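Read the structure below first, then the notes.
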Amino acid sequence: MPNKQASLDRIFYALADTTRRSVLQRLSTRQAPVSELAEPFDMALPSFMQHLDVLEDCGLVRSQKAGRVRTYQLRPYSLKAAEKWLAKHRTMWETRLEQLDDYLTTMEEQTR
């Protein structure tokens, strides 16, 4: 379980950053080389590469090098762990909110 939790933590950490989410969005349509991915961002290439390293470390992307060009592609199945966690917690919170709504409705009816 600790290994799964660490993996999930890395995925959420990767998704917490706007730049990394933008990269994932761009890769959702097709694979792309680093230069193309870095183009819209106003940052030094080494800084941008750190973002790619985070994405690759948690398994959301994978890279391949052909000559001097490194190309990245999305690995969407890695999002399954985060999706599963969110679904579990969404169900729990929806249940709690329904219980709160029922309680508040009962309280309102009793005060009338």
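By the count of other C-beta atoms within 10 Å, a proxy for reagent exposure, Ser7, Ser35 are ordered fewest to most as Ser35, Ser7. Here, segment 23-90 has an Rg and a Dmax of 13.4, 45 Å when only alpha carbons are counted. Each of Thr95, Thr111, Thr19 was scored by other Cβ atoms within 10 Å of its Cβ. Arranged with the fewest first, they read Thr111, Thr95, Thr19. Relative to the longest principal axis of the Cα atoms of the chain, the long axis of helix 2-15 makes an angle of roughly 80 degrees. Spin-label model, Asp42 to Arg70: label points 7 Å out along the Cα-to-beta-carbon direction sit 2.5 nm apart.
Every read-out reported here was derived from the displayed coordinates using simple, explicitly stated rules and does not represent laboratory data. All values reported here derive from a predicted model rather than from experimental measurement. For neighbour counting, all protein chains shown are included, and Cβ atoms are generated from backbone atoms with ideal geometry for every residue, glycine included.
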